[in-house]
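The values are calculated or read from the model by the stated rules, or taken from the named source; none is laboratory data. Given the structure is predicted, the values throughout are model-derived calculations rather than measurements. All Cβ positions, even for glycine, are placed from backbone atoms using ideal geometry, and neighbour counts span all protein chains on display.
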């Protein structure tokens with residue numbers, strides 16, 4: 001139990017520690033794990049509330065909310081969500097993290113950091129996601145109405161790759177709740193402030209690439225990690241990267257990823 005707690009860098013509470021023990025074939029109950037953690041003083045880091053960083057006062061076009069809070073996807077690279085959050089550096093400095101997450105497996109497919117919250121950091125995160133996953137035409141990308149996502153440059157990247165844009169309603173954080181939850185996890189399980197940009201970059205890389213994507217148990221996925229979820233899916237016959245033609249897979253047909261309701265809304269918006 002202590003090994004699981006220390007291995008998560010004090011991020012795991014009783015549900016995930018219990019899952020670790022089950023995986024190691026240790027027979028015990030969740031109640032016993034809770035009792036022993038309390039006796040040993042093992043307490044996971046608590047979540048905090050953080051302010052929004054959206055800059056929605058602009059004159060750029062805004063897309064309709066096509067995602068409509070349907071935070072799931074039947075397969076990989078069909079629905080992505082993106083957002084940006086900020087960290088405090090030193091006494092008053094800022095560092096911004098932009099991330100793109102696949103709703104199928106909750107895998108963080110792209111991310112970037114910058115001292116400036118502008119379109120360049122969001123485009124950099126999107127570029128990482130595109131190079132990493134090579135999505136097919138028809139992907140739905142959802143974000144808030146911030147100027148970094150509504151900018152001509154960001155929209156041009158989406159259009160070039162045949163990606164449909166969706167945006168949350170103004171000031172409604174629940175329309176992008178999955179990204180809000182991810183950032184809450186980052187700040188509660190790592191930190192919301194760092195001594196330097198170098199420290200922040202190293203800690204965020206370790207958390208996102210080493211811990212969150214590869215190891216962190218996710219309640220939405222049945223308490224397994226995003227990477228494990230994708231491996232399990234591939235083992236059951238679906239390759240999370242099957243749309244990569246350069247790997248020898250034929251191109252998939254292009255039935256719309258939207259429901260009939262979404263198709264009507266897209267037509268009305270156009």
- Task: Look at the range 13-43 and say how many of its residues are in contact (Cβ under 8 Å) with a residue 60 or more places away in the chain and part of a loop (DSSP other than H, G, I, E, B).
- Result: 0
- Item | residue 177 in contact with a helix residue (DSSP H, G or I) (Cβ under 8 Å, 6 or more places away or on another chain) and surrounded by fewer than 18 Cβ atoms within 10 Å (Cβ to Cβ) | no
- Does the range 160-171 include one or more residues that are in a helix (DSSP H, G or I) and over 28 Å from residue 11 (Cβ atoms)? yes
- Message: Please go through (1) out of contact with any helix residue (DSSP H, G or I) (no Cβ under 9 Å at 6 or more places or on another chain); (2) touching a residue at least 12 places away in the same chain (Cβ under 8 Å) for residue 202 and return the number of the only condition it doesn't satisfy.
- Response: (2)
- Task: Consider residue 97 carefully, then state whether it is at pLDDT 95 or above, within 21 Å of residue 144 (Cβ to Cβ) and in a loop (DSSP other than H, G, I, E, B).
- Result: no
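This table checks each residue for (1) buried (at least 20 other Cβ atoms within 10 Å of the Cβ); (2) over 23 Å from residue 225 (Cβ atoms); (3) in contact with a strand residue (DSSP E or B) (Cβ under 6 Å, 6 or more places away or on another chain).
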position: 72; (1), (2), (3): no, no, no
position: 85; (1), (2), (3): yes, no, yes
position: 88; (1), (2), (3): no, yes, yes
position: 106; (1), (2), (3): yes, no, yes
